[in-house]
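Participant: Got a structure for you, questions after.
Throughout, read-outs are computed from the coordinates displayed, never taken from laboratory work. Treat the numbers as computed from the prediction; the structure is a model and nothing was measured. Neighbour counts are summed over all protein chains in view; Cβ atoms, including those assigned to glycine, are modelled from backbone coordinates with ideal geometry.
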Amino acid sequence: MTARLTVLSGPSGVGKGTVVSAIRRAYPQIWVSVSATTRSPRPGERDGVEYSFVDRERFEELIRQSALLEYAEFAGNLYGTPREPVLRRLEQAEPTLLEIELQGARQVREAMPDAQFVFLAPPSWAELERRLIGRGTESSEVIDARLARAKIELDAGDEFDKIVVNDDVSETAAQLVSLIESVCSK
Ligand code: ADP
Ligand code: 5GP
């Protein structure tokens, strides 16, 4: 079996984390990369599961060691994909998923041009705002910064190979899994 990497991006609040959690639960055959971040954990987030939570000093050490496949600053925090676990899963031909923002997706496109790039889009701008505000995990300044980034991310949707609209979480997860599996052949 061979496996190609799938990269999922989309504006903050569209539901990437929710869809990825549904995939972790219902589709254990998909390996989901765990990013390092300097952001603080939200309630319910566990170190080593949703993210590896590190301080800025440790993150900068990872950059110096070239241990990250890609990284970017997003709304005041650093996020990056540890390189070695991704390469190991791809060598073992496991269907592999990264959930990262636009600048990181562009870096992966440079490094791995044959990866599949999927954009998760909201049903509408109003629904995106409603989800981001409704999550209730950020201050109004951080929500504004994320909405400003969201406009830029939405404009970049046509850089991606596939666009999936996140209406219903289970349907979106199933659609994404089918896309991930479609680039892995026996
Ligand atoms: P992201 O990871 O893209 O920033 P989240 O997964 O944190 O987004 O989702 C943002 C908010 O939207 C959360 O409160 C989540 O419960 C809600 N949400 C996610 N997907 C859907 C959906 N398909 N329909 C309605 N609400 C959703
Ligand atoms: P959040 O703080 O909402 O969990 O994530 C903020 C943004 O960072 C989201 O768009 C998410 O996809 C992105 N992100 C998460 N992990 C990584 C990563 O390893 N690299 C990059 N470039 N972005 C990431």
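Participant: Consider the stretch 146-185. How many of its residues are among the aliphatic types (A, V, I, L, M), more than 13 Å from ligand 1 (Cβ to nearest atom) and either surrounded by 13 or more Cβ atoms within 10 Å (Cβ to Cβ) or within 26 Å of ALA26 (Cα to Cα) (or both)?
Facilitator: Total satisfying the criteria: 6.
One line per residue, one yes/no per condition, for (1) free of Cβ contacts under 8 Å to residues at least 24 places away in the same chain; (2) in a loop (DSSP other than H, G, I, E, B); (3) away from ligand 1 (no atom under 16 Å from the Cβ); (4) of a type in the set (S, T, N, Q):
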| site | (1), (2), (3), (4) |
| --- | --- |
| LEU97 | no, no, no, no |
| GLY104 | no, no, no, no |
| GLU110 | yes, no, yes, no |
| ASP114 | no, yes, yes, no |
| PHE119 | no, no, no, no |
| LEU128 | no, no, no, no |
| LEU132 | no, no, no, no |
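Participant: Could you tell me whether the stretch 33-52 includes any residue that is closer than 21 Å to LEU179 by Cα and either within 12 Å of ligand 2 (Cβ to nearest atom) or out of contact with any Phe, Trp or Tyr (no Cβ under 7 Å at 6 or more places or on another chain) (or both)? Step through it out loud before you land on a result.
Facilitator: Step one: of the stretch 33-52, the residues closer than 21 Å to LEU179 by Cα are 33-34.
From what is left, the residues that are either within 12 Å of ligand 2 (Cβ to nearest atom) or out of contact with any Phe, Trp or Tyr (no Cβ under 7 Å at 6 or more places or on another chain) (or both) are 33-34.
Within the stretch 33-52, one or more residues are closer than 21 Å to LEU179 by Cα and either within 12 Å of ligand 2 (Cβ to nearest atom) or out of contact with any Phe, Trp or Tyr (no Cβ under 7 Å at 6 or more places or on another chain) (or both).
Participant: Counting only residues that are crowded, with 17+ Cβ neighbours inside 10 Å and assigned to a loop (DSSP other than H, G, I, E, B), how many does the stretch 135-145 have?
Facilitator: Residues that pass the stated criteria total 1.
Participant: Moving on. Of (1) closer than 22 Å to TYR27 by Cβ; (2) away from ligand 2 (no atom under 15 Å from the Cβ); (3) surrounded by fewer than 16 Cβ atoms within 10 Å (Cβ to Cβ), PRO85 satisfies all except one. Which?
Facilitator: The number of the failed condition is (2).
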